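> Attaching a single structure in structure tokens format; questions to follow.
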Amino acid sequence: MSAVLSVIKPARGGQGGPRLSDRTRDSVIAEVAERHAVRPADIMGKGRARCCSRPRQEVMYLLRVLGFSQPEVARSLGLANHTTVWHAERAHKARMIARDPDREAA
């Protein structure tokens, strides 16, 4: 994940949190696509198949962990609004806890 962290740009004037750039988003998408053996275009697409939607949810979760707002993540992925990002976060966290119950304490 260090490659992803290195491409975060500070907000204009050094104020506020990080600003989501296309380069940051593309780096996260490339990492997740490689890990799940799907194409980046599948992650950016609108398909609802599990093979694409779960990696897409992971991308949304990772971008949120990196400190980007739900509206920023939604806009960068071409979503209508932030509620899809909200759902993706919850769904991905639930899957992580189901795989490793010790994560819940963290």
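> Tell me yes or no: at least one residue of the stretch 37-57 is outside any helix (DSSP H, G or I), among the β-branched types (Val, Ile, Thr), more than 10 Å from the chain's Cα centre (by Cα) and surrounded by 13 or more Cβ atoms within 10 Å (Cβ to Cβ).
Residues of the stretch 37-57 outside any helix (DSSP H, G or I): 37-39, 45-49.
Okay, now just the ones that are also among the β-branched types (Val, Ile, Thr), so 38.
Right, trim to more than 10 Å from the chain's Cα centre (by Cα) and you get 38.
From the residues that got through so far, the ones that are surrounded by 13 or more Cβ atoms within 10 Å (Cβ to Cβ) too are 38.
Yes, the stretch 37-57 contains at least one residue that is outside any helix (DSSP H, G or I), among the β-branched types (Val, Ile, Thr), more than 10 Å from the chain's Cα centre (by Cα) and surrounded by 13 or more Cβ atoms within 10 Å (Cβ to Cβ).
> Something else: When only residues in the stretch 76-86 that are outside any loop (DSSP other than H, G, I, E, B) and in contact (Cβ under 8 Å) with a residue 24 or more places away in the chain count, which is farthest from ASP22 (Cα to Cα)?
First, the residues of the stretch 76-86 that are outside any loop (DSSP other than H, G, I, E, B): 76, 83-86.
Restricting the remaining residues to those that are in contact (Cβ under 8 Å) with a residue 24 or more places away in the chain gives 76, 84-85.
Details: SER76: 7, THR84: 19, VAL85: 17 Å.
The residue in question is THR84.
> Taking GLU72, is it at pLDDT below 95, of a type in the set (D, E, K, R), closer than 17 Å to THR24 by Cβ and in a helix (DSSP H, G or I)? So that I can check it myself, show each step before the final result.
On the way: at pLDDT below 95: yes; of a type in the set (D, E, K, R): yes; closer than 17 Å to THR24 by Cβ: yes; in a helix (DSSP H, G or I): yes.
Judged against the criteria, GLU72 is a match.
> On to the next question. In this structure, is ALA94 surrounded by fewer than 20 Cβ atoms within 10 Å (Cβ to Cβ), in a helix (DSSP H, G or I) and of a type in the set (A, V, I, L, M, F, W, C)? Walk me through how you get there before you give the answer.
Details: surrounded by fewer than 20 Cβ atoms within 10 Å (Cβ to Cβ): yes; in a helix (DSSP H, G or I): yes; of a type in the set (A, V, I, L, M, F, W, C): yes.
Yes; evaluated as a whole, the condition is true for this residue.
> For GLY67, only one of the following conditions fails: (1) among the small types (Gly, Ala, Ser); (2) under 12 Å from the mean Cα position of the chain (by Cα); (3) not in a loop (DSSP other than H, G, I, E, B). What is its number?
Result: GLY67 fails condition (3) only.
> Further, regarding this structure: What tally of residues in the stretch 41-75 results from selecting those that are within 18 Å of LEU20 (Cβ to Cβ) and among the hydroxyl-bearing types (Ser, Thr, Tyr)?
So the count comes out to 2.
The values are calculated or read from the model by the stated rules, or taken from the named source; none is laboratory data. In this text the structure is predicted, and so the values were computed from the model without any measurement. Note that we place each Cβ from the backbone using ideal geometry, even for glycine, and neighbour counts take in every protein chain shown.
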